[in-house]
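These notes concern the structure reproduced below.
The values are calculated or read from the model by the stated rules, or taken from the named source; none is laboratory data. Note that the structure is a prediction, hence the values are computed from the model and not measured. Virtual Cβ from ideal backbone geometry, glycine too; neighbours counted across all protein chains shown. For the accessible areas, the whole protein counts, side chains as well, though only heavy atoms, and no ligand, DNA or RNA atoms are used. Shrake-Rupley method; radii C 1.70, N 1.55, O 1.52, S 1.80 Å.
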Amino acid sequence: MKHLIDPMDLTKEETDEIISLAEDIIAHRERYQGSMSHRKLATLFYEPSTRTRLSFTSAMMELGGNVLGFSDAKNSSVSKGETVQDTVRVVGCFAEVIAMRHYIEGAQLYASEVSSVPIINAGDGSHSHPTQTLTDLLTIKRELGRIDGITIGFCGDLRFGRTVHSLIKALSRYSGVQVVLIAPDELKLPDYIKQDVCDKYGVKYREVQTMEEVMPELDVLYMTRVQKERFLDEDEFDRVKDSFVLDARRMALAKKNMAVLHPLPRVNEILTEVDSDPRAAYFRQVENGKFVREALILKLHEWKNDPAHTMPQHERPVYDASVRCSNPKCICNNEHAPYKFHYGDGGQLRCWYCDSKVR
Ligand code: CP
């Protein structure tokens, strides 16, 4: 069975297959209507969402299927203390596929260890957001006609921005991609992405201090919101919240066909004066999210019993009772998930569920 917990759970070929199918759905929507009739998708959202939850719902409805679930875990038996593993065991009796968002990192990976149906990670804390990645790849392909060879600038909150972490991982498998990281010191990309992804797969990256110095060379500018909900220290949030703002003056420095992406929601990092610029692709990106989720639902259903499409074989976990995951928002520090680890590419022991360093 195939789950989608991390973008690297899909091979490059599987990723491209999903993107091609999404393009075909866009071109021939009527062909796919009814292809999931009498099937059910469960959406289990432990954290707020507009785009991801509603696009999954809309996608399943377009395919003729039904949707059940909760948008607020407080209204479910989670409020009585039910664990994520027990919740997916139960919901797997009612639905053929589960899309889950959780504020706890690694929750979906932990849930997938016992699930009888495919689990789709719809965002886990600051860690990963693989269906946003599929949305972003489809958007880049549709806006520029290619993914290979692009120069992409990631701007804003690269520390907590799970969409950035996931997209860099996925882009590492395309050739000639160059990454420019535009962030204040407090919001820099985590080391594990630099070491285990950029260094491992030879992604060229550099860090800069201002948008102006790189705007003219970018094919894609990927803006992000500074995520107040991830900060443990409010003063630190206040210091960095207005770090980078995209306005018409900065857009004037960019290429004529640069695409501006943003996973949304935005707060003030893109002024509304940019919305009417044809290069502003972020609302087209939202619609792409629905088509790519249709394609994902169809493919996970098709692959469910196909031995050619299983989860990648990871190295065996390391059990070491003398260390703990350092991340207070990891599943292993919140539910009774086992403390297990793997060796990152820098040779450091990292948490199996959230990739954080050990303490
Ligand atoms: N891009 C995204 O994940 O948006 P939501 O939080 O509204 O789902």
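For the stretch 97-143, the set of residues classified as acidic (Asp, Glu) and within 14 Å of the ligand (Cβ to nearest atom) consists of 124, 136, listed by residue number.
Within the stretch 6-41, the set of residues being touching a His at 6+ places or on another chain (Cβ under 8 Å) and over 30 Å from residue 315 (Cα atoms) comprises 36, 39.
Within the stretch 84-95, being assigned to a loop (DSSP other than H, G, I, E, B) and open to solvent by 50 Å² or more (accessible area, probe 1.4 Å) holds for 93, 94. Checked against the criterion of being hydroxyl-bearing (Ser, Thr, Tyr), surrounded by fewer than 20 Cβ atoms within 10 Å (Cβ to Cβ) and within 16 Å of the ligand (Cβ to nearest atom), the stretch 264-284 contains one or more residues that satisfy it. As a summary of the residue check, residue 254 satisfies the conditions (1) part of a loop (DSSP other than H, G, I, E, B); (2) surrounded by fewer than 22 Cβ atoms within 10 Å (Cβ to Cβ) except for the one numbered (2).
Mind checking which residues of the stretch 47-72 are among the hydrophobic types (A, V, I, L, M, F, W, C) and either away from the ligand (no atom under 16 Å from the Cβ) or assigned by TED's automatic domain parsing to the domain that holds residue 331 (or both)?
61, 63, 68
When the stretch 80-127 is limited to residues that are polar (S, T, N, Q) and modelled with pLDDT of 95 or more, the one that is nearest to the chain's Cα centre (by Cα) turns out to be 121.
Against the definition (buried (at least 20 other Cβ atoms within 10 Å of the Cβ) and not assigned by TED's automatic domain parsing to the domain that holds residue 105), how does residue 327 come out, yes or no?
yes
Could we say that residue 304 is at pLDDT 95 or above and charged (D, E, K, R) here? When the stated conditions are applied, residue 304 does not pass them. Checking each residue of the stretch 102-113 against the condition of being surrounded by 16 or more Cβ atoms within 10 Å (Cβ to Cβ) and among the β-branched types (Val, Ile, Thr) gives at least one match. When only residues in the stretch 128-159 that are in a loop (DSSP other than H, G, I, E, B) and open to solvent by 20 Å² or more (accessible area, probe 1.4 Å) count, which is nearest to residue 194 (Cα to Cα)? Only one residue fits best here, namely 159.
Inspect all residues belonging to the stretch 35-46 and state whether any of them is surrounded by fewer than 18 Cβ atoms within 10 Å (Cβ to Cβ), under 15 Å from residue 293 (Cα atoms), within 15 Å of the ligand (Cβ to nearest atom) and of a type in the set (Val, Ile, Thr). Checking the stretch 35-46: not a single residue is surrounded by fewer than 18 Cβ atoms within 10 Å (Cβ to Cβ), under 15 Å from residue 293 (Cα atoms), within 15 Å of the ligand (Cβ to nearest atom) and of a type in the set (Val, Ile, Thr). Within the stretch 73-88, is there a residue that is within 16 Å of the ligand (Cβ to nearest atom), touching a residue at least 12 places away in the same chain (Cβ under 8 Å) and outside the structural domain of residue 333 (by TED's automatic domain parsing)? Yes, some residue in the stretch 73-88 is within 16 Å of the ligand (Cβ to nearest atom), touching a residue at least 12 places away in the same chain (Cβ under 8 Å) and outside the structural domain of residue 333 (by TED's automatic domain parsing).
On the stretch given as the stretch 199-225, residues that are among the hydroxyl-bearing types (Ser, Thr, Tyr) and either free of Cβ contacts under 8 Å to residues at least 24 places away in the same chain or open to solvent by less than 50 Å² (accessible area, probe 1.4 Å) (or both) total 2. In this entry, residue 122 passes the filter for residues that are touching a residue at least 12 places away in the same chain (Cβ under 8 Å), assigned to a strand (DSSP E or B), on the phi < 0 side of the Ramachandran plot and buried (at least 24 other Cβ atoms within 10 Å of the Cβ).
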